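What follows is a short report on a single structure.
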Amino acid sequence: MQIRSIFGKISNKFLVYGIGQAFNLIAPLVIAPYLIYVCNLDGFGKIGIAFAFTLFLILIVDYGFDIKGIKRISESRNSPKKLQYELVTTLYTKFILFFFSVIIGLSCIFFLPYFYNETLLFLFSLTIVFAQVFNPIWFLQGIEDFYTSSILNACSKVLYVVLIFVFITESNHYVYVNFLLGISSLTLNILGLIYVFKKNKFHFFKPHFELIFQTLRNDFSLCISQLFLSVRQLSPLFLVGYLFGYNLAGQYKILDQIISLYRTLSQVFLKFFYPQLCFRLNEDKKHALQYWKKYVLILFSGVFISSLLLFFLSDKVLVFFRVESNLIKDLQVLFQMILIVPVAMVFSLSFEQLMFGLHNNKLYFKITFFVTVINLITILLFSYFYNLSGIIASIFLSEILFVYFYYQGAFKKIKRNEN
């Protein structure tokens with residue numbers, strides 16, 4: 001009975017968590033066809049490039065708090081004082097990092113022609129970065145309050161979708177799309193923080209800045225690793241826009257929607273189990289590995305079956321995205337090619353999670369640096385000869401490299417310790 005009770009609690013939590021995260025997956029799919037229709041492929045490509053730009057800056061603001069922060073909160077869940085300290089200190093740290101990221105962002109916007117040509121779009125997009133400062137989701141996931149985090153996610157995305165359909169009505173309105181995302185995120189993030197502080201009776205205090213800088217020093221390698229990872233994930237869209245123009249960038253953005261969809265799906269699925277995995281790794285690595293294998297198998301099955309389904313329905317998916325009929329034939333081949341990436345991604349992200357759980361930050365940094373360099377070189381080389389298909393091949397190659405190196409650094413390490 002006790003086992004059933006525990007299983008029931010986990011199932012209920014996962015169901016609520018899944019419903020909340022589903023809005024993150026559905027919202028882009030709902031608005032993408034509309035944005036392509038209103039703003040055309042050029043505008044859609046510009047929106048995607050600006051959004052990718054903000055994702056890079058967000059990693060500076062987050063500084064690995066969505067990884068290490070969740071772990072620290074999970075370990076401190078029974079101590080209100082520690083929870084308050086972790087939350088307030090993180091907020092102060094994020095403010096400092098935000099100003100640093102803004103300096104980088106403004107420097108790119110005003111000194112690089114690629115960004116300066118769309119100054120208004122990139123400036124408005126910075127609201128997304130500002131909203132991330134107040135994002136309480138990492139804290140809520142750490143204490144496993146999936147109900148509140150799901151409500152915040154759902155309300156934020158619903159507000160964003162409503163704002164898009166109300167205010168984006170002309171092709172030149174593409175400059176406001178990311179701004180509306182930032183406003184909706186900022187509104188719900190602040191409301192979420194207010195709720196967290198009131199519910200837990202937290203209050204603000206001035207943290208010791210020496211401890212903040214110590215945290216920044218300790219987590220520096222993890223942040224740099226995440227930035228390299230971001231460069232690898234976002235560089236294809238930037239390079240397509242720079243080398244081939246915004247129209248082709250818009251076409252690639254449609255393909256990237258599928259990669260982003262599966263990456264988000266895989267990450268949110270894995271994050272649900274991450275706190276429990278960390279706990280089990282500390283207790284018994286052998287049983288933790290068995291636990292890890294079970295939920296990875298579930299994730300792989302879901303991704304593989306859905307990818308296979310999309311492969312046979314690829315032409316209908318492109319019609320859904322309102323791709324012009326004369327482009328569907330060429331894009332369909334690329335769309336079917338790219339579906340191999342999510343399957344490989346399941347294993348790369350799963351092994352990456354084991355790396356975090358085992359605190360292999362130095363090795364993780366080396367792997368991400370090496371694979372990122374290889375990825376950038378192969379993108380430039382392959383795209384020169386094969387255009388978008390070359391970029392897809394490069395992305396797949398990088399995922400395979402991640403799987404191999406993470407396997408050597410995490411999975412085999414546990415197996416060696418068992419022996």
Practice problem: Scan segment 378-394 residue by residue and report those that are among the polar types (S, T, N, Q) and open to solvent by 60 Å² or more (accessible area, probe 1.4 Å). | Solution: 387
Practice problem: Among residues belonging to segment 173-194 that are polar (S, T, N, Q) and free of Cβ contacts under 8 Å to residues at least 40 places away in the same chain, point out the one that is surrounded by the fewest Cβ atoms within 10 Å (Cβ to Cβ). | Solution: 187
Practice problem: Kindly indicate the residue of segment 284-298 that is open to solvent by less than 30 Å² (accessible area, probe 1.4 Å) and of a type in the set (A, V, I, L, M) and also modelled with the highest pLDDT among those meeting that condition. | Solution: 296
Practice problem: Return the residue satisfying two criteria in turn: it lies in segment 98-113 and is in contact (Cβ under 8 Å) with a residue 40 or more places away in the chain and not β-branched (Val, Ile, Thr), and of such residues it is farthest from residue 207 (Cα to Cα). | Solution: 108
Exercise. Look at segment 193-237 and say how many of its residues are closer than 30 Å to residue 44 by Cβ and at pLDDT 80 or above.
Key: 2
Quiz item: Would a scan of segment 125-135 turn up a residue that is open to solvent by 20 Å² or more (accessible area, probe 1.4 Å) and free of Cβ contacts under 8 Å to residues at least 40 places away in the same chain?
Solution: no
Self-check item: Residue selected from segment 396-408 under the condition in contact (Cβ under 8 Å) with a residue 40 or more places away in the chain and open to solvent by 10 Å² or more (accessible area, probe 1.4 Å), by the criterion farthest from the chain's Cα centre (by Cα)
Solution: 407
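For every residue, the table says whether it meets (1) modelled with pLDDT under 90; (2) farther than 28 Å from residue 170 by Cα; (3) assigned to a helix (DSSP H, G or I).
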site: 12; (1), (2), (3): yes, yes, yes
site: 15; (1), (2), (3): yes, yes, yes
site: 18; (1), (2), (3): yes, yes, yes
site: 28; (1), (2), (3): yes, no, yes
site: 34; (1), (2), (3): no, no, yes
site: 46; (1), (2), (3): no, no, yes
site: 52; (1), (2), (3): yes, no, yes
Quiz item: Here are some residues: 248, 216. Which one is of a type outside the set (Val, Ile, Thr) and within 21 Å of residue 60 (Cβ to Cβ)?
Solution: 216
Quiz prompt | Selection count where residues are surrounded by fewer than 17 Cβ atoms within 10 Å (Cβ to Cβ) and either touching a residue at least 60 places away in the same chain (Cβ under 8 Å) or in a helix (DSSP H, G or I) (or both), scope segment 299-321 | solution = 14
Practice problem: Could you grab me the full set of residues in segment 238-258 that are farther than 21 Å from residue 39 by Cβ and surrounded by 16 or more Cβ atoms within 10 Å (Cβ to Cβ)? | Solution: 239
Exercise. Within segment 217-233, identify whether any single residue is free of Cβ contacts under 8 Å to residues at least 24 places away in the same chain and more than 30 Å from residue 379 (Cα to Cα), and answer yes or no.
Key: yes
Quiz item: What is the residue count in segment 200-237 for residues that are open to solvent by 40 Å² or more (accessible area, probe 1.4 Å) and closer than 25 Å to residue 35 by Cα?
Solution: 1
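The values are calculated or read from the model by the stated rules, or taken from the named source; none is laboratory data. No experiment lies behind these values; they were computed from the predicted model shown. Every residue, glycine among them, receives a Cβ derived from its backbone with ideal geometry; neighbour counts consider all protein chains shown. Side chains are part of the model used for accessible areas, which takes the heavy atoms of the whole protein and leaves out ligands, DNA and RNA. Shrake-Rupley method; radii C 1.70, N 1.55, O 1.52, S 1.80 Å.
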